[in-house]
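Chemist: Have a look at this one before I ask anything.
Just so it is clear, none of the values below were taken in a lab; they were calculated from the coordinates. Every value quoted in this text rests on a predicted model; they were computed, and no experiment measured them. Using ideal geometry, Cβ is built from the backbone for each residue, glycine included, and neighbour counts are taken over all protein chains shown.
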Amino acid sequence: MSMNFDIGDETLWNPSNSAGRLFLRQVGVFEAELGLPSGIGPGKYWGDPSTLEVDPAVFARFTRGLVAWYCQTGHAVIHALSEGFAATVVALARRAGIDVEMPEAGPGHVCGGSQSDVQVPGNPLAASAAVVAALDTRARETDRWMAR
């Protein structure tokens, strides 16, 4: 069995039920964390949990918000917990034709901005360019693993 994530008649992703359910649970977590709707909801076969529709405009805002949030934190554990989800969202957005701009790092800029989450030990912030490049690479790799 599998699920479909569609825009209109185009299937963006056809994961196994297990991968699809896990992704949807993470969608809920990140909607709450970001305070943004994802644009992923019931599909054309209302009531069929294996067919989901992606609203491109709402999903674009969600994706851009997620990428900005991900790239602005310097917290290593938050990166570890969210990298795979963020990469999957970016890959889906690109398949949907959504332009996902990775933030530019200014000279001397480091990820983190204002630190509201404390991490121990010290302050091991990664340069924004490295964080952005890693997310972009992971999204491209993830895209190759995602069945249509």
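Chemist: Loop-only trypsin sites (Lys or Arg not before Pro) in segment 34-110, please: DSSP not H, G, I, E or B, and at most 16 other Cβ atoms within 10 Å. Before the final figure, lay out the partial values.
Modeler: Numbers: sites: Lys44, Arg61, Arg64, Arg94, Arg95; in loops: Lys44.
Loop-located and lightly packed - Lys44.
Chemist: If R0 is 25 Å, what FRET efficiency do you get for Asn17 and Ala80 from their C-beta distance, rounded to 0.05? Walk me through the numbers on the way to the answer.
Modeler: Working: r = 26 Å, r/R0 = 1.03.
It comes to 0.45.
Chemist: Moving on to the next point. Roughly speaking, what is the stretch gain from Ala57 to Arg140, that is 0.36 nm per residue apart minus the C-alpha to C-alpha distance, in nm to one decimal?
Modeler: Working: separation 83, 0.36 × 83 = 29.88 nm, distance 2.17 nm.
Contour length minus Cα-Cα distance gives 27.7 nm.
Chemist: Could you state the number of Å between the C-alpha centres of segment 1-39 and segment 51-74?
Modeler: 12 Å
Chemist: Using a Förster radius of 25 Å, what is the FRET efficiency between Arg94 and Trp46 based on their Cβ-Cβ separation? Nearest 0.05, please.
Modeler: On the way: r = 28 Å, r/R0 = 1.10.
Once the sixth-power term is evaluated, E becomes 0.35.
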